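Contents: one structure, followed by commentary.
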Amino acid sequence: MVVTALHERPRGRVEIQLDGSPWRLVPAAAVVRSGLQIGRPLDRETARTLGRELRHAAALARAARALGPRERSRLALDERLARAGVPARTRGEALETLERAGLVDDARTAVRRAEALAERGFGDAAIRYDLEQEGIAAELVEEALAELEPERERARALVERRGADVRTGRWLSARGFEPATVEDSLGGVAKEA
């Protein structure tokens, strides 16, 4: 079988024709990376290379879709791809590509996620737990927490909004604020009032 035509199609796809008949519609990047060209026979080695590039393109597309709603850590993306049945080598290549492109960055993910959780009223313990569950390294978690407004100030602002009572204290505790921070925040607002 010989590649007789390569037709560009919408959305970055290419239609491959073998011996004058349509064969497959594949991502353009896979065609380029596998070295397909008109007149080249589709031998076993070329077919294997094309298959490897198609798996790589599929893993990359799946990982990119997972990044759509929010940033994710490298480990979280790797686990999603593993659950989808993507082989380890292909997962690694796809994740390296996304890291080189700047789409996967655990440090940035940690900071943004920590900021988002702090804005939603979570304390440092809850934020730390969430980031660790996301698979972010401990040192990146601590750096992200260090960039936040101090927990005591966040707790004090929440107490001022919600009122200095027992319910607010329980709410803060449930949101991952340290007991000493809760006590300090409730006592500080009660003394000022």
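Values as computed for the structure displayed
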{"quantity": "Residue among ALA64, ALA110 that alone is small (Gly, Ala, Ser) and surrounded by 20 or more Cβ atoms within 10 Å (Cβ to Cβ)", "calculated": "ALA110"}
{"quantity": "Selection count where residues are surrounded by fewer than 19 Cβ atoms within 10 Å (Cβ to Cβ) and either part of a helix (DSSP H, G or I) or among the hydrophobic types (A, V, I, L, M, F, W, C) (or both), scope region 127-139", "calculated": "7"}
{"quantity": "Failed item, numbered, when ARG11 is tested on (1) under 17 Å from the mean Cα position of the chain (by Cα); (2) at positive phi", "calculated": "(1)"}
{"quantity": "All positions within region 84-101 that are among the acidic types (Asp, Glu) and loosely packed, with under 13 Cβ neighbours inside 10 Å", "calculated": "GLU96"}
{"quantity": "Qualifying position, being in contact (Cβ under 8 Å) with a residue 60 or more places away in the chain and not small (Gly, Ala, Ser), among GLU160, GLU134, GLU139", "calculated": "GLU134"}
{"quantity": "Qualifying residue in region 41-53 (condition: among the basic types (Lys, Arg) and buried (at least 16 other Cβ atoms within 10 Å of the Cβ))", "calculated": "yes"}
{"quantity": "Residues of region 144-161 satisfying the condition of being exposed (fewer than 15 other Cβ atoms within 10 Å of the Cβ) and part of a helix (DSSP H, G or I)", "calculated": "ALA146, GLU147, GLU153, ALA157, ARG161"}
{"quantity": "Yes/no for ASP78 being at pLDDT 85 or above, open to solvent by less than 90 Å² (accessible area, probe 1.4 Å) and under 27 Å from the mean Cα position of the chain (by Cα)", "calculated": "yes"}
{"quantity": "The lone exception for ASP124 - which of (1) open to solvent by less than 20 Å² (accessible area, probe 1.4 Å); (2) at pLDDT 95 or above it fails", "calculated": "(1)"}
{"quantity": "Residue within region 20-27 that is in contact with a Ser or Thr (Cβ under 6 Å, 6 or more places away or on another chain) and part of a loop (DSSP other than H, G, I, E, B) present", "calculated": "yes"}
{"quantity": "Residue list for region 28-40, filter: touching a strand residue (DSSP E or B) at 6+ places or on another chain (Cβ under 6 Å) and open to solvent by 30 Å² or more (accessible area, probe 1.4 Å)", "calculated": "ALA28, ILE38, ARG40"}
{"quantity": "Yes/no for ALA57 being touching a residue at least 12 places away in the same chain (Cβ under 8 Å), closer than 29 Å to LEU172 by Cβ, in a helix (DSSP H, G or I) and open to solvent by less than 50 Å² (accessible area, probe 1.4 Å)", "calculated": "no"}
{"quantity": "Within region 81-101, considering residues that are more than 22 Å from GLY51 (Cα to Cα) and over 11 Å from the mean Cα position of the chain (by Cα), the one modelled with the lowest pLDDT", "calculated": "ALA101"}
{"quantity": "Matching option when the condition is without any contact (Cβ under 8 Å) to a residue 40 or more places away in the chain and not in a loop (DSSP other than H, G, I, E, B), among LEU98, LEU75, LEU103", "calculated": "LEU98"}
{"quantity": "Of the criteria (1) open to solvent by 30 Å² or more (accessible area, probe 1.4 Å); (2) within 25 Å of THR90 (Cα to Cα), which one THR4 fails", "calculated": "(2)"}
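The values are calculated or read from the model by the stated rules, or taken from the named source; none is laboratory data. Note that the structure is predicted; figures quoted are calculated from it, not measured. All Cβ positions, glycine included, derive from the backbone under ideal geometry; neighbour counts span all protein chains shown. Calculation scope for accessible area: heavy atoms of the full protein, side chains included, ligands and nucleic acids excluded. Shrake-Rupley method; radii C 1.70, N 1.55, O 1.52, S 1.80 Å.
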